[in-house]
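Asker: Below is one structure. I have some questions about it.
The values are calculated or read from the model by the stated rules, or taken from the named source; none is laboratory data. Not measured: the values here are computed from a predicted model. Reconstructed Cβ throughout: ideal geometry from the backbone, glycine too, with neighbour counts over all protein chains shown. The protein model used for the area step is the full one, side chains on, heavy atoms only, and it has no ligands, DNA or RNA in it. Shrake-Rupley method; radii C 1.70, N 1.55, O 1.52, S 1.80 Å.
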Amino acid sequence: MHRPVVGIIGNRGLVNNRYPVHEGGQMNSCAVSHVAGCIPLLIPADPDYVTVEELMQVCDGFLLTGGRPNVHPSEYGEPETDKHGTFDRARDAITLPLVRACVETGQPFMGICRGFQEVNVAMGGSLHPEIRELPGRMNHRMPPEGTLEQAFALRHKVSLMPGGAFATLFGTAEVMTNTIHGQGIKQPGPRIVVEGTAPDGTPEAIRVADAPGFTLSVQWHPEWNAEADPVSRPLFRAFGAAVQDWALTRRS
C-alpha cells in the first residue's frame, strides 16, 4: 500500500525574474516525506487549474505553507493598505474554502506561517498587517542578513495552554521556536482556540474547536530541521498519523 498523499500548497514565483512557476520549499517536502511519512505533492494553488473538491479527492491531507504574499484584507473585511504587502488572490481562492471544507469533513491539515493565518481568516478571524508596530510587540520578521541557519534559529519561547492539544503533544508547557513573519492574528475566529503565545502575546499555536480532524497550526516554521528538532518532529509525526488514519478510513 502506498503512503498517503499530502498536498503542499504552493506559491507563485518567478525564475530569473521572468519565468512564472509554482513553487514550494524543499524543506516542506522533506518534513512531509521523512517525518510525517507521506508523499509530498506540490499543489498549484489557483482555481484556474484545480478545484477544492478535486484536491480533497486526490490528497489525504494538506500542508498550508508559508509564503511572502499575504491574505488579502478584504477576506476579513478590512481595506487594503501599503502595510499589507503583496497578495496572491489565486491562493486565497483555494486555501480559504479548502480549510473550511476540511474542518467540516475532518480531513487533516496543518497551517504554517501564512497557512496559520489562512486558517484564522477562513474561520472568521482577522490579521494585523505589521505586528512589530504594535505597542509592546517584538520584531518577528526574518533577519535581513545571514545564513539560513541564522534565519531559522530558535528565537523565542512559546507558552502553551495547560492541558491543551499542543502541550499534550509536546509533553511540556513551553517550547522554543524560530520566528519569521510580519503579520499575525488580530482577532481569532469564533472557533479558533489560541493554545500558544509568544512572550509579547502574539498568537503562535492554534486549533479549530470541535473539528473532527487534525487542525493544529503554528505561526513559526517547523519544517526547518524537522527530523531533528524536538518540537517539529512530534508535530509532523502527529500530522502524518492523522493523514494515515484518514487515508485508511477512506480506503475502507
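Asker: LEU216 versus (1) touching an Asp or Glu at 6+ places or on another chain (Cβ under 9 Å); (2) open to solvent by less than 10 Å² (accessible area, probe 1.4 Å): which is the lone unmet condition?
Answerer: Going through the list (1) touching an Asp or Glu at 6+ places or on another chain (Cβ under 9 Å); (2) open to solvent by less than 10 Å² (accessible area, probe 1.4 Å), LEU216 breaks only (2).
Asker: Still on this structure, I have one more. If you scan segment 4-35, which residues turn out to be in a loop (DSSP other than H, G, I, E, B), farther than 14 Å from GLY66 by Cα and either free of Cβ contacts under 8 Å to residues at least 12 places away in the same chain or out of contact with any helix residue (DSSP H, G or I) (no Cβ under 9 Å at 6 or more places or on another chain) (or both)? Can you show your working first?
Answerer: We begin by selecting, within segment 4-35, every residue in a loop (DSSP other than H, G, I, E, B); these are 4, 10, 16-18, 24-25.
Subsequent filtering for residues that are farther than 14 Å from GLY66 by Cα retains 4, 16-18.
Selection gives ASN16, ASN17, ARG18.
Asker: Right, something else. Residues in segment 52-72: is at least one open to solvent by 30 Å² or more (accessible area, probe 1.4 Å), within 14 Å of VAL6 (Cα to Cα) and in contact with a Ser or Thr (Cβ under 6 Å, 6 or more places away or on another chain)?
Answerer: no
Asker: For a quick check of your reading of the model, give me the residue pairs whose first member lies in segment 56-71 and is within 14 Å of ALA101 (Cβ to Cβ), whose second is open to solvent by less than 20 Å² (accessible area, probe 1.4 Å) and of a type in the set (Asp, Glu), with beta-carbon atoms closer than 8 Å and at least 6 apart or on different chains.
Answerer: LEU64/GLU118
Asker: Can you find a residue in segment 109-129 that is in contact with a Cys (Cβ under 8 Å, 6 or more places away or on another chain) and closer than 25 Å to TRP224 by Cα?
Answerer: Let us first name the residues in segment 109-129 that are in contact with a Cys (Cβ under 8 Å, 6 or more places away or on another chain), namely 109.
Subsequent filtering for residues that are closer than 25 Å to TRP224 by Cα retains 109.
Within segment 109-129 (the criterion being in contact with a Cys (Cβ under 8 Å, 6 or more places away or on another chain) and closer than 25 Å to TRP224 by Cα), the answer is yes, since at least one residue qualifies.
Asker: Can you tell me which of VAL119, VAL103 is under 23 Å from GLY13 (Cα atoms), touching a residue at least 60 places away in the same chain (Cβ under 8 Å) and not aromatic (Phe, Trp, Tyr)? Spell out how you get there, then give the answer.
Answerer: Details: VAL103 fails: under 23 Å from GLY13 (Cα atoms).
Only one candidate qualifies: VAL119.
Asker: Something else now. Since ASP46 meets every condition but one in (1) outside any loop (DSSP other than H, G, I, E, B); (2) surrounded by fewer than 19 Cβ atoms within 10 Å (Cβ to Cβ), which condition does it not meet?
Answerer: Evaluating ASP46 over (1) outside any loop (DSSP other than H, G, I, E, B); (2) surrounded by fewer than 19 Cβ atoms within 10 Å (Cβ to Cβ) leaves (1) as the failure.
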